[in-house]
1. Tell me, yes or no, whether the stretch B:226-234 has at least one residue that is surrounded by fewer than 20 Cβ atoms within 10 Å (Cβ to Cβ) and at positive phi.
2. Which residue, of A:His190, A:His233, A:His204, is over 21 Å from B:Arg158 (Cα atoms) and within 11 Å of DNA strand D (Cβ to nearest atom)?
3. Please enumerate the residues belonging to the stretch B:98-117 that are in contact with a helix residue (DSSP H, G or I) (Cβ under 7 Å, 6 or more places away or on another chain) and more than 14 Å from chain A (Cβ to nearest Cβ).
4. Please work out if A:Ser202 is out of contact with any Leu (no Cβ under 7 Å at 6 or more places or on another chain) and more than 12 Å from DNA strand C (Cβ to nearest atom).
5. Within the stretch B:203-225, which residues are closer than 25 Å to A:Glu92 by Cβ, open to solvent by 10 Å² or more (accessible area, probe 1.4 Å) and at pLDDT below 95?
6. Considering only the stretch B:190-198, I want to know if a residue exists there that is within 14 Å of DNA strand C (Cβ to nearest atom), open to solvent by 20 Å² or more (accessible area, probe 1.4 Å) and not assigned by TED's automatic domain parsing to the domain that holds B:Gly72.
7. Please work out which one of (1) part of a helix (DSSP H, G or I); (2) farther than 16 Å from B:Phe98 by Cβ; (3) within 16 Å of DNA strand C (Cβ to nearest atom); (4) hydrophobic (A, V, I, L, M, F, W, C) is the condition B:Ala244 fails and give its number.
8. Kindly list, by first and then second residue, each pair from a residue in the stretch B:197-221 that is more than 11 Å from chain A (Cβ to nearest Cβ) to a residue that is acidic (Asp, Glu) and within 11 Å of DNA strand C (Cβ to nearest atom), limited to pairs with Cβ atoms under 7 Å and residues at least 6 apart or on different chains.
Number of protein chains: 2
Amino acid sequence: MHTNERDTCRPNSRTFSRKKKNVVECDSCGLYGMCQVAGLDEPVPDLIDEIVGRREEVGISQNVITAGTPFGEIYAVKSGSFKTYVTLANGEQQIIDFYFPGELMGLEALSERNYPHSVEALEASTVCRLNFAKLDLLGERLGEFQQQLIQALSRRTRQDQWVPLLMGAQNAEQRTATFLLSLSDRFAEHGLPSQRFKLPMSRHDIANYLGLAVETVSRMFQRFQSMDLLEVHGRHVELRDMEALRVMSGLNNTNAT
Amino acid sequence: MHTNERDTCRPNSRTFSRKKKNVVECDSCGLYGMCQVAGLDEPVPDLIDEIVGRREEVGISQNVITAGTPFGEIYAVKSGSFKTYVTLANGEQQIIDFYFPGELMGLEALSERNYPHSVEALEASTVCRLNFAKLDLLGERLGEFQQQLIQALSRRTRQDQWVPLLMGAQNAEQRTATFLLSLSDRFAEHGLPSQRFKLPMSRHDIANYLGLAVETVSRMFQRFQSMDLLEVHGRHVELRDMEALRVMSGLNNTNAT
DNA sequence: CTACATCCTTGATGTGCATCAATTGGATCA
DNA sequence: TGATCCAATTGATGCACATCAAGGATGTAG
């Protein structure tokens, strides 16, 4: 079921060939404001590197965070994608959320001692790491930094409001439509292609997240395709009629993330 | 210190007869740290009152926040309860969350110009109001305040993680069990009775929130009762076997809010 | 290239829950 | 106290989606 985590981090983790990768530049990264505050524009070249570990590679299926381990840092996704999950009593995963370039992971651990869930790379990815233990190095700029943090947390809180919409009122068709739109919105927010993209997660993960069966997700994709709302080829998706999808989702357009 | 409950805790500020009301004291309120920072323990008696409007009454079905209106303040629930919702394209409400004494409402608007959803009282309630426009009155203590705010946001973010668990993997039985447990936990967190309590929301609201039909919620309650897991009389609930409920919910016990 | 493993799709069947319908119960107010 | 109204329960039926089963597509290793 699971590919081994060790052997996935292979020598060529640097040379992704065929397709070009979606990488967010710093200025559309959720950590940007914090990086700036942390001294990126200051003549303190080492300080920022001390606090922010930059562009670390993460292999597919590798865990960046393991549920229950002590909190120490938050992560910004630079490229690639991640899923967060908890393990249920029956041993199954329950996927909590997905993360994409420009977004911050680990915020929910801020006020606690431990991370509440695990975070796993869906593909070869890169992250920046912000070490909270070293934040006091910021000295008087800590206040600015906190300001940025508040912004990030608030954005995140607002994003979480999608979930009840995804899962509450809706049937399989609406959920799937809403899911695709929310992905698209999140990509757009960080300047990534939002009409035509590759789903980094399996149908299994999508189904788990949406509370549906794999087969149902597949059927919904096919149904949308037959209605000319989108085109699917495996994990590659092109949204052809976002307006129709929006109508189908049952949300009115005022509900942006 | 911190004893100015004076005008407030009169057992019936209006005429609630029969039952005593659940009111959180300041020290188990989500705004507490902020109130303190804001000057509650300082010899600046008017400052705090300037920033925090205290113990305002809200009638049943009254809206504290309307979706789309400009952000200006966050609210702490002092007594009573609230629901937040958005209006879907078909005119129906989708309930996003419920709020109980000690919790903060409106945080998701912090980084935006407008509130993303509406907040309505489920019963006669009281709130404290924290005016963001006047925060600069805090001067140098603003930093401390931000610290508190970060804590609050992070707690909130962590709480939101319940939702996918509620709605994702589970069947009606599991959802209902999880719902009851999450309510119980939230009550306990602020020192309110957590085994025996009155559901402030209708079956309709519960069903809406859980993505189930009213009838199904009712049947689940009856089923639990017949299994001796709880007792229901209308909106009054007593959890008789929380451990069994936890097992039924499918969560393992490490997933506290 | 072939072989094997995964992932995805497609079809057939059963069931959990929504839906429809009717009754009961609980609040509110005269 | 009883009349009214809405909330909650209970039962009967049908459908949407899960489940079971099999076949195709895609990728990776040899």
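The values are calculated or read from the model by the stated rules, or taken from the named source; none is laboratory data. In this text the structure is predicted, and so the values were computed from the model without any measurement. Ideal geometry is used to build each Cβ from the backbone, glycine not excepted, and the neighbour counts take in all protein chains shown. Note: areas computed on protein heavy atoms with side chains; ligands, DNA, RNA excluded. Shrake-Rupley method; radii C 1.70, N 1.55, O 1.52, S 1.80 Å.
1. Yes.
2. It is A:His233.
3. Passing the criteria: B:Phe100, B:Gly102.
4. no
5. Those that are closer than 25 Å to A:Glu92 by Cβ, open to solvent by 10 Å² or more (accessible area, probe 1.4 Å) and at pLDDT below 95: B:Tyr209, B:Gly211, B:Leu212.
6. yes
7. (3)
8. Correct list of pairs: B:Pro200/B:Glu123; B:Met220/B:Glu173.
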